[in-house]
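Let me begin by handing over the structure; questions about it come next.
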Amino acid sequence: MLQTDDQSLERLIATVDAGPFRSLLEAALRHERQGQARAAAATWRTALQTIPRMLSPAVRPVLEHAKAAVEANDLALEGFLAERLAGLRARHGNARLDRFDKARDILLRKRRVFRPQPSFMYVPELPAIAFHDRGQFPWLDRIEAATADIRAELVRVLADGPSVLEPYVAVDGTPQDRWRDLNRSRRWGVFYLWRAGAPVEENLARCPRTAAALAGWPKCDLQETGPTAVFSILDARTRIPPHVGVNNARLIVHLPLIVPPGCGFRVGAETRSWTPGEAFVFDDTIEHEAWNDSDQPRAVLILDCWNPYLSEAEREMVSALTAGVGDFYGQLPEYARGTA
């Protein structure tokens, strides 16, 4: 690692304009001083992904220090994961895992990522499809058929007032600039049915017909990430900024429920409108955004599922790899969980 004492790093960081980038640098250095090398590396990595365009060359020693810390941590993580996955790899000895191996190498920054651009895990050679063919997901028929019941249960939930929702974006500290306006705001409010891999029993009990419709949903098992199912309410005159998801091994499903005129959704270069009761599936690791230019809220049921181009062996390996990263750090780093 580049030998730069932390007093020098602190002085250089202090010259950076106050904001999210500087906050990340300060947090990473604080982790190092506390002996939390893994947390420091995860934070340095996030900082390196968000370098401002206008940054003084004088700060270069800080960036070099960050890169060295991340590289050293990646080597340790590589050994940890090799040992963790050895038994599972042996069990799938006859399966093709070359695509998974590329995903692992990309996660460890040993292989470059091209479009799409997930913030955490990239599985190569999966088709880069913005909106997937609806026919690949026949299990959506059951959910679509229950649209009226699902919408009715949501309306009853919303009758309790805005406090029943929680902000989807809830970043501790200083959020990235793109999320500043929505951070801790119910302008993008959600009501979780499944949250980061666990059912929210109290909320499911309030929506029994929705729960029944989701019974046949093939859940995407990713530690601290999925399965997730949530009512997403975008307030009037509100826009979700362009962003990307964490992992192209999973896809995102939207079932539109309440769609006033003036709402839209873009994935990559393709823009669509929502039609109530007609689900679609998209790759959220391709840049996407949503907007509601109407005077009324827009409501969508959102859930995740496996990318159908993954084999069963690959799904197991991706689940194990994600869990391994989470166990290595104590929990998945923010870049692996994502904001949206």
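For segment 208-300, what is the Kirkwood estimate of the hydrodynamic radius, computed as the reciprocal of the mean inverse distance between distinct Cα atoms, to one decimal in Å?
Mean inverse Cα-Cα distance, inverted, gives 14.2 Å.
Please report Rg (one decimal) and Dmax (integer) in Å for the Cα set of segment 5-108.
Final numbers for Rg and Dmax: 17.2, 55 Å.
Based on the Cα gyration tensor of segment 140-269, what are the three equivalent ellipsoid semi-axes, each the root of five times an eigenvalue, rounded to whole Å and given largest first?
In descending order the semi-axes read 23, 19, 16 Å.
Using Cα atoms only, what is the angle between the long axis of helix 20-33 and the major principal axis of the chain, expressed in degrees (0 to 90) to the nearest 10?
60
Over its Cα atoms, what ratio of radius of gyration to 2.2 N^0.38 Å does segment 101-175 give? Spell out each step's value before the answer.
Numbers: Rg = 19.5 Å, N = 75, 2.2 N^0.38 = 11.3 Å.
Dividing the Cα Rg of segment 101-175 by 2.2 N^0.38 Å gives 1.72.
Working from the alpha-carbon coordinates of the chain, get Rg over Rh, Rh being the Kirkwood radius.
Working: Rg = 21.1 Å, Rh = 21.4 Å.
Here the Rg-to-Rh quotient is 0.98.
I'd like the orientation of helix 312-329 relative to the chain: the angle between its Cα long axis and the longest Cα principal axis, in ° from 0 to 90, rounded to 10.
The angle comes out at about 50 degrees.
Starting from the amide H of Thr285, placed 1.01 Å from N in the peptide plane, find each other amide H under 5 Å away whose residue is 5 or more places distant or on another chain.
It is Gly245, by chain and number.
For segment 74-129, what is the largest minus smallest coordinate of the Cα atoms on each principal axis, given in angstrom and ordered from greatest to least?
The Cα atoms of segment 74-129 stretch 32, 27, 13 Å along their principal axes.
Would you mind telling me which residue in Val259, Val16, Val318 has the biggest mean-square fluctuation in a Gaussian network model of the chain, where springs connect alpha carbons within a distance under 10 angstrom?
In the Gaussian network model the winner is Val16.
Taking only the alpha-carbon positions of segment 187-255 and ignoring solvent, what does the Debye formula give for the base-10 log of I(q)/I(0) at q = 0.11, 0.19, 0.22, 0.27 Å⁻¹?
-0.31, -0.89, -1.11, -1.34
Now for a different question. Working only with C-alpha atoms, what are the Rg and Dmax values of segment 54-162, expressed in angstrom?
Here Rg and the maximum Cα pair distance are 22.3, 60 Å.
For segment 10-59, what's the radius of gyration and Dmax over Cα atoms, in angstrom?
Calculated on Cα positions, Rg and Dmax stand at 10.6, 31 Å.
Let me ask something additional. Please give every one of the lysines within straight-line cross-link reach of Lys67, meaning a C-alpha to C-alpha distance under 22 Å, and leave out same-chain neighbours fewer than 8 residues apart.
Cross-link targets: Lys102, Lys110.
Taking the Cα atoms only, what angle lies between the long axis of helix 147-158 and the longest principal axis of the chain, rounded to 10 degrees?
Once rounded, one gets 70 degrees.
Bear in mind these aren't lab numbers, they're just calculated from the coordinates by the rules spelled out. On a predicted model such as this, the values are computed, not experimentally measured, just so you know.
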